[in-house]
Amino acid sequence: MRGGLWQLGQSITRRLAQADKKTIGRRCFASDADLKKTVLYDFHVVNGGKMVPFAGWSMPIQYKDSIMDSTVNCRENGSLFDVSHMCGLSLKGKDTIPFLEKLVIADVAGLAPGTGSLTVFTNEKGGAIDDSVVTKVTNDHIYLVVNAGCRDKDLAHIEEHMKSFKSKGGDVSWHIHDERSLLALQGPLAAPVLQYLTKDDLSKMYFGEFRVLDINGAPCFLTRTGYTGEDGFEISVPSENALDLAKALLEKSEGKIRLTGLGARDSLRLEAGLCLYGNDMEQHTTPVEAGLTWAIGKRRRAEGGFLGAEVILKQIEEGPKIRRVGFFSSGPPPRSHSEIQDSNGQNIGEITSGGFSPCLKKNIAMGYVKTGNHKAGTNVKIVIRGKSYDGVVTKMPFVPSKYYKP
């Protein structure tokens, strides 16, 4: 078991470093003093957080318990993650929706107020600039959260297009919520524990829904969503109230919800079959290839109108040449860039994320294979350190999702 834990930790560290490679290039040999810190930094350290550089921030990869134990506890009880390194922003104005729909694949206009969806920012070639959760607060207010490692390029991309849009008379402005912190509360105890701290009835708030409400006496943005496959919430809280809120959530759970780091967060999202940008999606990967065609609304498929629409809509019609799929495998856990071969030893793709599943107690991975080799049950070989191991294509998520739906 100790060997399995070591392999798990090593594979997670590699995946996070791979996803962070563009940031690493910018901060080579950066000292701890160069890294940004969330308002909970001292709280993490006091509670045994092992701090590591990630996307220009000093973030906890784990606490006193192992990554394996943290992962299992999230699914059995709950986890509290500090994800304040991620970037929340609001777009406002009467032309906000037509502006944003030029940049993302979602049917933003079709969202009911107070609801959201996963979406993808695309480039002119149909590739993914970043994935994001987009929420329609009202018809003239959109709330977005983008990945920490993509913050600079995402904001530059949005700003460039916003200047052009406004120069033609478009009414849109933005605000970056650097005055707020972001906490992710995940797991079966998330809702009952959070309910202690708000008067709003959370039993009537479903997956993907958004509210502005008071939590623990602070004005918060609350979204019923997450990155683990479990029921849960992301809470945008004024930074001056973040520490008190974190302490209150842990206290109300009577120790069952634990502070959890990036290591377990990565294991959880892999078990849930969710993409890590920089590993499982990059600028050359389209949403169709990544298995996110469902995020392209019916109207958007008919009308297009977003960057790279011609490429993406053609792939929907004709089928992509490669597809993201899941795998179970024998031998050592697969690693990013491990070669995937067919039964004849021919290259058919590569692994993008892989590791040992703490909950399933076996190897899981995802990667891209040539179309025709993507069906569940297809036997493959996965090459690790020059040696081939048996693998089989399997459906994702690996662990069933438990989103709270009506």
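As an exercise, use a Förster radius of 41 Å and the Cβ-Cβ distance of E159 and K247 to find the FRET efficiency, rounded to the nearest 0.05. Display every interim value, and only then the final one.
Values: r = 37 Å, r/R0 = 0.89.
My answer for the efficiency is 0.65.
In segment 321-395, the portion of solvent-accessible area held by carbon and sulfur atoms comes to 47 percent [1.4 Å probe, whole percent, DNA, RNA and ligands not counted].
When the surface is traced with a 1.4 Å probe over the full set of protein chains, H284 keeps roughly 140 Å² accessible. Remark: spin-label model distance E317-D201 equals 4.9 nm, labels positioned 7 Å along the Cα→Cβ axis. Just the number, please: percent antiparallel of the DSSP beta bridges in the chain, rounded to the nearest 5. Around 95 percent antiparallel, to the nearest 5.
What is the extension gain from D32 to V45, computed as 0.36 nm multiplied by their sequence separation minus the C-alpha to C-alpha distance, in nm to one decimal?
Numbers: separation 13, 0.36 × 13 = 4.68 nm, distance 1.37 nm.
Length gained between D32 and V45: 3.3 nm.
Rolling a 1.4 Å probe over the protein heavy atoms leaves Y63 with an accessible area of roughly 20 Å². V392 contributes about 40 Å² of solvent-accessible surface, heavy atoms of the protein only, 1.4 Å probe.
Charging the Cβ of each Asp and Glu at -1 and of each Lys and Arg at +1, and nothing else, the dipole of segment 271-406 about its Cα centre rounds to 440 debye.
Considering all different alpha carbon pairs of the chain, the Kirkwood hydrodynamic radius works out to 21.8 Å. Solvent-accessible surface of protein heavy atoms, probed at 1.4 angstrom with all chains present, puts W174, W57, W294 in the order W294, W174, W57, largest first. Rounded to the nearest 20, the size of the Cβ-charge dipole of the chain about its Cα centre is 940 debye, with Lys and Arg at +1 and Asp and Glu at -1.
On a per residue basis, the chain carries 43 Å² of accessible surface, using protein heavy atoms and a 1.4 Å probe.
Sorted by accessible area with a 1.4 angstrom probe, largest first, how do V237, V39 fall?
Numbers: V237 0, V39 80 Å².
Sorted by accessible area, descending: V39, V237.
The values are calculated or read from the model by the stated rules, or taken from the named source; none is laboratory data. What you are looking at is a predicted structure, and each value in this text was computed from that prediction instead of being measured. All Cβ positions, even for glycine, are placed from backbone atoms using ideal geometry, and neighbour counts span all protein chains on display. For the accessible areas, the whole protein counts, side chains as well, though only heavy atoms, and no ligand, DNA or RNA atoms are used. Shrake-Rupley method; radii C 1.70, N 1.55, O 1.52, S 1.80 Å.
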